[in-house]
Amino acid sequence: MDDYLLSRLQFAANVSFHILFPTITIALGWILVFLKWRYTRSGEEHWMDLYFFFTKVFALAFSLGVVSGLTMSFQFGTNWPGFMNTVGNVAGPLLAYEVLTAFFLEATFLGIMLFAFKKVPNWVHTLATVLVAFGTTLSAFWILVLNSWMHTPQGFTMIDGKAHATDWLAIVFSPSMPYRFAHTLLSSVLTAGFLMAGMLAWRWFAGDRGAAVQAGLRTAVLLLAVAAPLQLVVGDLHGINTRDYQPAKLAAMEAQWRTESGAPLVLFAIPDEEERRNRAELAIPKLGSLVITRDPNGTVRGLDQFVGEHPPVAPVFWSFRLMVGIGLLMIAVAWLGAWLLWRRRAWPDWYLRTLSWMTFSGWIASLAGWYVTEIGRQPWLVQGVLKTREAVATHPPAMVGFTFVLYLITYLVLVAAFIAVLAYLARKAAQAAQPAVAETSP
């Protein structure tokens, strides 16, 4: 492996680890706002029990997200200096806006949210929770503004090989930004929702059948039942935007090797880049054109129009199908739970076991979607402006490989520790709840 590939793998490992935690905190912050609001309205203690339980999860995810985000930003200088050298006049201010308007807001009020429930008036504590949740969303907004601009750049001019902003409004609201922002927020809702449902299912099987677990499961399932199908709609709209602005990515997502009218929808295939065809293909005739162009006989652009300028097909193709497959499973599980609630059925063990298995399903779907987005942009770092290879620093491959392995080991240990701590928190909460349940039993 050369330094270019190793630098890409190193950055991919860092981004993959980092993205796990904002996908939890963005939506979990607003779930905490809802739990606090329910407590304020009803005065029922089990809402605050849920609030305190999930603030611990939020704090843990927030801390790991911050640390990994700092490490990732350093790699712009150590491994990818060409990025800031070329587009720093656009990227630098956007990253600064994220720190000044969002991170400081989160960091300032997080302490009040976590530790000051009995030290400040209830409205102040509630306001701190709202501001922390708003800060996480605002942070996601600025990061996705930059990422979307890298996919669909506009509002700038190139002078002496460097990008200079000419229209900040056009930069902030680039063509893909609204779709990417909505898709990411809903991804966070699904990630946090299944994490919430899964952890409460862990508590259920640990013996906690109290009001907090019951209320939390109802909240999570109803939230998921709304968000999961909505994500399908937003994802479809995002796909149409990709068709218009990044057709090479869409062609790789569908393994569409040649331009054709009435293109099939490929359900399964083994893309062969050397022969530029699909092996063992299973496809539905004309459905691809119907989905992509809204016309069963519409013309779909193929990879034959982007020879040498399109992303690697297999990872984009399979990542997309993994994301969609998990998304459809999420819809089925969420709607089944909503049906059980509507029928006023008790939670069956098999359903709760399913929720426990899907605790981290949002992570898998989010990573798969992120790989579609980022690998699908290749060979460009900034679409049509800067190629990835043009931005990489020159380092000895052995040095980059060594640091990559160290990063990978560190991240695997931290992910394992994070999951272990979540399991510990669930067991501890279940054990603490059992005496209270026993006291109220006849």
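Go through the stretch 284-342 and give me each residue that's in a helix (DSSP H, G or I), surrounded by fewer than 21 Cβ atoms within 10 Å (Cβ to Cβ) and of a type in the set (S, T, Y).
Selection gives T293 alone.
Restricted to the stretch 376-386, and to residues that are within 18 Å of D160 (Cβ to Cβ) and assigned to a strand (DSSP E or B), which residue is nearest to the chain's Cα centre (by Cα)?
V382
Among the residues of the stretch 139-162, is there at least one that is among the aromatic types (F, W, Y), surrounded by fewer than 22 Cβ atoms within 10 Å (Cβ to Cβ) and part of a helix (DSSP H, G or I)?
There is at least one residue in the stretch 139-162 that is among the aromatic types (F, W, Y), surrounded by fewer than 22 Cβ atoms within 10 Å (Cβ to Cβ) and part of a helix (DSSP H, G or I).
Of F54, F58, F11, F62, which residue is more than 23 Å from F109 (Cα to Cα) and either of a type in the set (A, V, I, L, M) or not in a loop (DSSP other than H, G, I, E, B) (or both)?
F11
Consider W347 against the criteria (1) in a loop (DSSP other than H, G, I, E, B); (2) over 28 Å from the mean Cα position of the chain (by Cα); (3) closer than 29 Å to V266 by Cα: it satisfies all of them except one. Which criterion is unmet?
Only one criterion is unmet by W347, namely (3).
Mind checking which residues of the stretch 362-383 are more than 14 Å from R321 (Cα to Cα) and either modelled with pLDDT of 95 or more or not basic (K, R) (or both)?
G362, W363, E374, I375, Q378, P379, W380, L381, V382, Q383
From the list A133, A170, A91, pick out the single residue that is farther than 25 Å from Q231 by Cα, of a type in the set (G, A, S), part of a helix (DSSP H, G or I) and touching a residue at least 24 places away in the same chain (Cβ under 8 Å).
A91
I'd like the residue in the stretch 55-89 that is surrounded by fewer than 18 Cβ atoms within 10 Å (Cβ to Cβ) and polar (S, T, N, Q) and, out of all such residues, is farthest from F156 (Cα to Cα).
S63
Taking the residues in the stretch 102-129 that are of a type outside the set (D, E, K, R) and within 21 Å of the chain's Cα centre (by Cα) as candidates, determine which candidate is surrounded by the fewest Cβ atoms within 10 Å (Cβ to Cβ).
F103
Within the set of pairs 6 or more residues apart or between chains, which connect a residue that is closer than 17 Å to W357 by Cα and at pLDDT 50 or above inside the stretch 419-442 to a residue that is not in a helix (DSSP H, G or I) and not charged (D, E, K, R) with Cβ atoms less than 8 Å apart?
Going by the 8 Å Cβ cut-off, the qualifying pairs are I419/F360; A426/A206; R427/A206.
The values are calculated or read from the model by the stated rules, or taken from the named source; none is laboratory data. Here the structure is a predicted model, which means the values were calculated and not measured. Note that each Cβ is placed from the backbone with ideal geometry, even for glycine, and that neighbours are counted across all protein chains shown.
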